[in-house]
1. Can you give the local net charge around Tyr91? Use residues other than it whose beta-carbon is closer than 15 angstrom to its beta-carbon, Lys and Arg +1, Asp and Glu -1.
2. If I model a spin label at Tyr91 and Ile105 as a point 7 Å from the Cα along the Cα→Cβ vector, what separation in nanometres do I get?
3. Please report, to one decimal in angstroms, the Kirkwood hydrodynamic radius of region 69-119 built from all distinct Cα-Cα pairs.
4. Compute the signed sum of charges (Lys and Arg +1, Asp and Glu -1) over the other residues within less than 10 Å, Cβ to Cβ, of Lys77.
5. Are there GluC sites (Glu not before Pro) in region 94-199 that DSSP marks as loop and that have at most 13 other Cβ atoms within 10 Å, and which are they?
6. As a footprinting exposure proxy, order Val34, Val46 by other Cβ within 10 Å, with the fewest listed first.
7. Taking the beta-carbon count within 10 Å as an exposure proxy, list His100, His3 from fewest neighbours to most.
8. 7 Å from Cα along Cα→Cβ at both Lys171 and Lys74: what's the point-to-point distance in nm?
Amino acid sequence: MDHNVINLIKIQKEIQLKVSESNNRIKMPEIVAVSKTFSISNILPVINYGQIHFGENKIQEALEKWESLKNDFKHIKLHMLGKLQTNKVKYVIPLFDYLHSLDNIKLAEKISLEQKKNNKSLKIFIQVNIGNEKQKNGIEVDQLESFYKKCTNELKLNIIGLMCLPPHNEKSSLYFSEMDELTKKLNLSELSMGMSNDYIEAVKNNSTFLRIGSKIFGKRN
Ligand SMILES: *Cc1c(COP(=O)(O)O)cnc(C)c1O
């Protein structure tokens, strides 16, 4: 069997175990297989195994790989994870189904405008700067509620949840539980957090979309 598929099955089993240990307090999250830098030949076996959600972080690369793949596999859901410039929004809306990195109002306004032209809307996560880091993208926690309200009430965006990248070299669990609380406070249903090195911690804190790359596809160059 394909290596990447074996890796994915191992992760799925591990998560299922955590879910059943919780006596179904935890809902089974979706895995977004993060295929950035990997070629179509690496991705195809994972699609054929039945994986639905895939993630990319660069528009040009995503267009090259996924325009044809999505045409061949119409059930695939594609997730944009990376920083998005407003001038690229027009490429994202037709190709992608989810955006995890909404982090400023200019971008929100541009998405709102472009969606009207395309007759298609993205499912969107607001990226939260949960570690309050200077160099990190994301909405500050104390701005989150007003940003969320503006996106939904004024711009009519389909905000489904929150997303975070916790600070490097720190335990993620405190940040994850804070994200869980923020999600509940805003009455949102989805939460995008957990990567190859901390997805089990994310599962315990009610993540609904785990973004897992290297643990499935191997080390990136
Ligand atoms: C690359 C990337 C991931 C996956 O990272 P791994 O550590 O390889 O699992 C998740 N989220 C975002 C935003 C990424 O850019």
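1. So the environment of Tyr91 carries a net charge of +3.
2. Each label point lies 7 Å from its Cα, and together they span 2.8 nm.
3. That comes to 11.6 Å for region 69-119.
4. Its environment carries a net charge of 0.
5. Of the GluC sites (Glu not before Pro), the ones in loops of region 94-199 whose Cβ has at most 13 other Cβ atoms within 10 Å are Glu133, Glu140, Glu170.
6. Val46, Val34
7. Result, fewest neighbours first: His3, His100.
8. 4.9 nm
Every number here is computed from the coordinates shown, using simple stated rules; none is lab data. Just so you know, these numbers come straight off a predicted model, no measurement behind them. So basically every Cβ, Gly included, is an ideal-geometry build from the backbone, and we count neighbours across all protein chains shown.
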